[in-house]
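Participant: Next up is a structure, given as structure tokens.
The values are calculated or read from the model by the stated rules, or taken from the named source; none is laboratory data. Predicted model only: the values in this text are computed from it and were never measured. Heads up, the Cβs are rebuilt from the backbone with ideal geometry, glycines too, and the neighbour counts pull from every protein chain shown. Quick note on the areas: whole protein, heavy atoms, side chains included, nothing else; ligands and nucleic acids left out. Shrake-Rupley method; radii C 1.70, N 1.55, O 1.52, S 1.80 Å.
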Amino acid sequence: MMAMLARHRTRPKSQSAAIGSHRNDRLKAGDKWTDHDLVFTTPLGGPIERTEDWKQWTSILKQAGVRDARVHDVRHTAATLLIEQGVHIRVVQEILGHTRVTTTERYTHVATLQMKDASERMDQALWGRP
């Protein structure tokens, strides 16, 4: 993780337009730059407002035509959809960045189709009916 943050801090100019980098932000800001020794900053080096990520998130949802949702809710949805698509829970764990699979299990929710499939499999196992 630390290596990734260090790379972000020194990202080449060619990649900075979409993602931003301290080096290019410092050059653009000139004397207006204030160094707070932060990894993610405003264009002038200051701390990002604590609500800025929420503003960007709600803007993305609006552009996509999706109802308002917390980022946390979307993590639950993503985990459940991945499980429904047959992705192994350990892979879902890695995607979500959980250290314990039990945390990932709390994020996933059993869908109706999965319950129906489980019932049909049990029926087949017990009674031999397709």
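Participant: Evaluate the following for Thr103: is it polar (S, T, N, Q), modelled with pLDDT of 90 or more, at negative phi and surrounded by 10 or more Cβ atoms within 10 Å (Cβ to Cβ)? So that I can check it myself, show each step before the final result.
Facilitator: Values: polar (S, T, N, Q): yes; modelled with pLDDT of 90 or more: yes; at negative phi: yes; surrounded by 10 or more Cβ atoms within 10 Å (Cβ to Cβ): yes.
Here the answer is yes, as Thr103 does meet what is asked.
Participant: Which residues, taken from the range 106-130, are of a type outside the set (S, T, N, Q) and open to solvent by less than 60 Å² (accessible area, probe 1.4 Å)? Full working, then the answer.
Facilitator: In the first step, residues of the range 106-130 are kept if they are of a type outside the set (S, T, N, Q); the result is 106-107, 109-111, 113, 115-118, 120-123, 125-130.
Within the range 106-130, Tyr107, Ala111, Ala118, Asp123, Gly128 meet the criteria.
Participant: Let me ask another. Would you check which residues across the range 81-100 are in a helix (DSSP H, G or I) and modelled with pLDDT of 90 or more and list them? Working first, answer last.
Facilitator: The initial filter retains those residues of the range 81-100 that are in a helix (DSSP H, G or I), namely 81-84, 89-96.
Answer for the range 81-100, where residues must be in a helix (DSSP H, G or I) and modelled with pLDDT of 90 or more: Leu81, Leu82, Ile89, Arg90, Val91, Val92, Gln93, Glu94, Ile95, Leu96.
Participant: Can you find a residue in the range 10-20 that is part of a helix (DSSP H, G or I) and either at pLDDT 80 or above or hydroxyl-bearing (Ser, Thr, Tyr) (or both)? Spell out the reasoning first.
Facilitator: Taking the range 10-20 and keeping what is part of a helix (DSSP H, G or I), we get 13-19.
Then keep just the ones that are either at pLDDT 80 or above or hydroxyl-bearing (Ser, Thr, Tyr) (or both); that gives 14, 16.
For the range 10-20, residues part of a helix (DSSP H, G or I) and either at pLDDT 80 or above or hydroxyl-bearing (Ser, Thr, Tyr) (or both): present.
Participant: Could you grab me the full set of residues in the range 50-71 that are open to solvent by 60 Å² or more (accessible area, probe 1.4 Å) and either closer than 25 Å to Met2 by Cβ or not in a loop (DSSP other than H, G, I, E, B) (or both)? Talk me through it step by step, then tell me what you get.
Facilitator: From the range 50-71, those open to solvent by 60 Å² or more (accessible area, probe 1.4 Å) are 50, 52-56, 60, 62-68, 70-71; that's our starting set.
Those that are open to solvent by 60 Å² or more (accessible area, probe 1.4 Å) and either closer than 25 Å to Met2 by Cβ or not in a loop (DSSP other than H, G, I, E, B) (or both): Arg50, Glu52, Asp53, Trp54, Lys55, Gln56, Ile60, Lys62, Gln63, Ala64, Val71.
Participant: Would you check which residues across the range 73-98 are open to solvent by 80 Å² or more (accessible area, probe 1.4 Å) and within 30 Å of Lys55 (Cβ to Cβ) and list them?
Facilitator: Keep residues of the range 73-98 that are open to solvent by 80 Å² or more (accessible area, probe 1.4 Å), which gives 81, 85, 88, 90, 94-95.
Passing the criteria: Leu81, Glu94, Ile95.
Participant: Considering only the range 21-49, how many residues are closer than 28 Å to Asp73 by Cβ and exposed (fewer than 13 other Cβ atoms within 10 Å of the Cβ)?
Facilitator: The qualifying residues number 4.
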